[in-house]
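Each remark here refers to the structure printed beneath this line.
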Amino acid sequence: MEIKKQKWGILSDGTKVHLYTICNENMSFSCTDYGCTITSIVLNNKDGTKTDVLLGYSTLEGYLNSKFCFGAIVGRFANRIGKAAFTINKTEYKLDKNDGPNTLHGGFDGYDKMMWKGKIIKTKNAYGVKFKRLSPDGEQGFPGNCIIEIIYLLDNNNNLTCAYSALTDRATPINITNHAYFNLAGNGNIGEHTLQMNSTKRLEVNPKLIPTGKLLDVKGTPFDFTKEKKIGKEIKDVAPGYDHCYVTEMYDPSNPQCGLPLDDKDLVEFCTVKEPIKGHEMSVYTNMEGCQFYTGNFIKGVVGKNGKVYDSHDAFCLETQCFPDTPNKDNFPTCILKPGQEMKAKTIYSFI
């Protein structure tokens, strides 16, 4: 295992931005303290070549000017909050309306455009980086001073672990995920990738993609990936593509304690994605109750790494998270973090 840190650029205010690269014998990944962003995941191919399976940019400038959150951390509440408002203890909090009438990924001032403090960490079997920042009371409209830590770790078994933790001094919604866009072939349409999910239900949404509060069975619908199926097989039936939250096996409606994870010891396998040409596979493990499956529907003509042009359905996202609009849905597992609690969410991307 190897890890290196290098200067990657300077922001307009003089802040230095760093790039960290972690390698084992079979793969590597890079990440930066700007946006707590994973900038690349490079896998070895069987013929001795390498494939970067993550969409993004070759330079810092690309991330500075991007609106797509490629590989970045999103929060304080990932995904959507309906009508850009919620209430805690009879106090209403109003947020940015940056997605029509709703809030998406925290609003206009996203975590993807913020600097994080990075520190190299090593364990017995893994190397990585710990990022940390204080989200002050009132940032993005959310209550409470919230200390957030993000850990990216790579081990010798090609497991990339993303661990998210948070502490607060006031009750606040918290929902943090990484917005990685994957293409296991390295480029082109992901329609030939196959996907198998351990999920029998998804959240019903309205035309603005806000959950109605209902869970729907996927059986017999284009949303059914309980058996391995090409992503592109029925994507035209859900135009413009998939952008839906699936329910993982962590969800237990009979358990009154279900909701925001306070323990990251138990994970479930959510899905496996396979790519037929390069032969790469990726499995996702998590302790979160939801996972947003998104097929890059709104990417059109975006110039990315090495001049590659990204278009709709050239990538897929698997964003593990609390259910969207949870602050406004009493029947959803809670997303409210209280003083004295520590949120501990974990997701593992395991590669072959």
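The values are calculated or read from the model by the stated rules, or taken from the named source; none is laboratory data. Keep in mind that what you see is a predicted model, and the values were worked out from it rather than measured. Positions of Cβ are generated from backbone atoms using ideal geometry, with glycine treated the same way; all protein chains shown enter the neighbour counts. SASA here: full protein model, heavy atoms, side chains in, ligands and nucleic acids out. Shrake-Rupley method; radii C 1.70, N 1.55, O 1.52, S 1.80 Å.
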**Request:** For residue 217, state whether it is at pLDDT 95 or above and either in contact with a Cys (Cβ under 6 Å, 6 or more places away or on another chain) or open to solvent by less than 20 Å² (accessible area, probe 1.4 Å) (or both).
**Result:** no
**Asked** Between residues in the stretch 178-200 that are modelled with pLDDT of 95 or more and residues that are open to solvent by 30 Å² or more (accessible area, probe 1.4 Å) and of a type in the set (A, V, I, L, M), which pairs lie under 8 Å by C-beta distance while being six or more apart or on different chains?
**Response** 185/277; 192/277
**Asked** Restricting to strands (runs of 3 or more DSSP E) lying wholly in the stretch 273-346: which have 1 or more residues that are touching a Leu at 6+ places or on another chain (Cβ under 8 Å) and under 24 Å from residue 250 (Cβ atoms)?
**Response** 281-286, 290-294
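Conditions tested, residue by residue: (1) closer than 26 Å to residue 260 by Cβ; (2) out of contact with any Phe, Trp or Tyr (no Cβ under 9 Å at 6 or more places or on another chain); (3) open to solvent by 20 Å² or more (accessible area, probe 1.4 Å); (4) hydrophobic (A, V, I, L, M, F, W, C).
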residue	(1), (2), (3), (4)
274	no, yes, yes, no
278	no, yes, yes, no
286	yes, no, no, no
290	yes, no, no, no
295	no, no, no, no
298	no, no, yes, yes
301	no, no, yes, no
314	no, no, yes, no
317	yes, no, no, yes
**Prompt:** How about the stretch 334-352: which of its residues are farther than 30 Å from residue 190 by Cβ, of a type outside the set (D, E, K, R) and open to solvent by 10 Å² or more (accessible area, probe 1.4 Å)?
**Reply:** 334, 336, 339, 340, 341
